[in-house]
Amino acid sequence: MEENKNNLPEVNAISKDAEQPEGNSTNRDSNEPEHSSSAPTRTLWGDAWRRLRSNKLAVIASVWLLIIVVIALTADLWVPQHFGSPTETDSSTMTSNSRLPPSWEHPFGTDTLGRDVFCRVIYGSRISLSVGLLATAISTVIGLIMGALAAYYGGIWDTIIMRLADIFLAFPYMLFVIVMLAVFGGGIQNVFIAIGVLGWPSIARVFRSSILSIKENDYVDAARAMGASDFRIITRHIFPNSVASVVVYATMNIGGAILTEAALSYLGMGVTPPNPSWGILIEDGQQYLSTQPWLMLMPGIAILTTVLAFTLLGDGLRDALDVKMKDA
C-alpha cells in the first residue's frame, strides 16, 4: 500500500504532461524557427506591377520606348551630324549624295541636301519626346490643381472651373493651338507651352471624377475630424488613391502631344528648320513620295511606332491599376 502511494505523484505528473497542449510544451527546441501563417502584404502598386509584367504588349511597348529614349539621349556620342545648310565644301558633293536610297552607309537614305535621314530621325526623336513629355507635364499639373479645387471644395469653385473647361473644350483643339502659335510665334518652347496649357481640361475632369468618388470615404472624414488641413487631406489621402487614372490618361496624352507637334511642324507652325522634327521631315519628303518614298516613310514609321507604344503602355497601365482586376 505504501508503495502504491509513492507511485501516485509520478502517475499524476505523466497525466499532466499528456494533457499539456503541444504548443506549450517545454521540450520544444528553442532554436526551432516559427512560421507565420499570415500572407505577405500586397499593395496596389505591387499588384499593378505584377499585372503589368504579365501584359506582353505593354512590356514590348515599354522596351521600345526605353530604346528610343536611350538612343535620343546618347545620339551625340555616336551620331554626329550637322543639320544646317551645306557648307561650301559640302556643296560640291551635295548633288551626288542627294536623295540616295537606303543602304548600309545610309540606312534611311539621304534627303535633297544630302543629309542622312537616319541621323535626322534620331535627332528628331529628341524634339518629339521633349515636347510630348513637357507638354503633358504642364497639362497634368494644371489639370490636377483645377480638378482638386473643383471636386474638393465644390460650389462656386466647381462651377467656375468646369465652365472654364467647357469653354476650352468647345473650340477645336488643333485650331486653338494654331491661334496661340500665330499670336506668340513658333518654336519648340511655344509649342509645348501651347499644347500643355490647352490640354488641362480633360485631365481636370478625370481627376475631379476620381476625387468625388473618394472624398466621401470614412478615412477622409476621420482625417477631417482629427483636424487635418485641406492641403494634407488632398495630398496624403485623396491624391494617392485617385492618381491611378491620371497616370493612365497622362501616358496616353504623351502620344497625342507628339502627334500634335508633328502636325504643327508639318504645317510650318511648330519647330522651325533646320531642326529635324519628324513633322518637318514628312513635309520635306512628301513631294518625293512617288520617287523616293523613304524620305516620308521613315519619319512616319517613327511617329507611328512611338505613339502606338505610348497607347499600348497606357492600356496596360489602365488594366494593371484597375482594382477590380485584383486577384482574390
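The values are calculated or read from the model by the stated rules, or taken from the named source; none is laboratory data. Not measured: the values here are computed from a predicted model. In this analysis, Cβ positions are derived from the backbone assuming ideal geometry, glycine residues included, and neighbour counts consider all displayed protein chains.
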Return the residue satisfying two criteria in turn: it lies in the stretch 271-312 and is among the hydroxyl-bearing types (S, T, Y) and not in a helix (DSSP H, G or I), and of such residues it is surrounded by the most Cβ atoms within 10 Å (Cβ to Cβ).
-> S277
Among the numbered conditions (1) more than 18 Å from the chain's Cα centre (by Cα); (2) in contact (Cβ under 8 Å) with a residue 60 or more places away in the chain; (3) closer than 18 Å to A151 by Cβ, tell me where I178 comes up short.
-> (3)
Hey, any hits in the stretch 151-165 for a residue that's within 29 Å of T272 (Cα to Cα), touching a helix residue (DSSP H, G or I) at 6+ places or on another chain (Cβ under 8 Å) and surrounded by 16 or more Cβ atoms within 10 Å (Cβ to Cβ)?
-> no
Selection status of G143, assigned to a helix (DSSP H, G or I), touching a residue at least 60 places away in the same chain (Cβ under 8 Å) and of a type outside the set (A, V, I, L, M, F, W, C) = yes
Please work out if D315 is surrounded by 18 or more Cβ atoms within 10 Å (Cβ to Cβ) and of a type in the set (D, E).
-> no
Pairs with Cβ under 7 Å, 6+ apart, first in the stretch 293-304 and at negative phi, second acidic (D, E) | L295/D111; L295/D284
Selection count, the stretch 148-175, where residues are modelled with pLDDT of 90 or more and within 22 Å of the chain's Cα centre (by Cα) = 0
Would you point out which residue out of F239, F168 is within 30 Å of D47 (Cβ to Cβ) and in a helix (DSSP H, G or I)?
-> F239
For F108: the one exception among (1) under 20 Å from L169 (Cβ atoms); (2) not in a helix (DSSP H, G or I) | (1)
Tell me which residues, restricted to the stretch 199-258, are surrounded by fewer than 17 Cβ atoms within 10 Å (Cβ to Cβ) and of a type in the set (K, R).
-> R224, R232, R236
Per the filter on the stretch 181-197, residues in contact (Cβ under 8 Å) with a residue 12 or more places away in the chain and assigned to a helix (DSSP H, G or I) are L181, A182, I188, V191, F192, I193, A194, I195, G196, V197
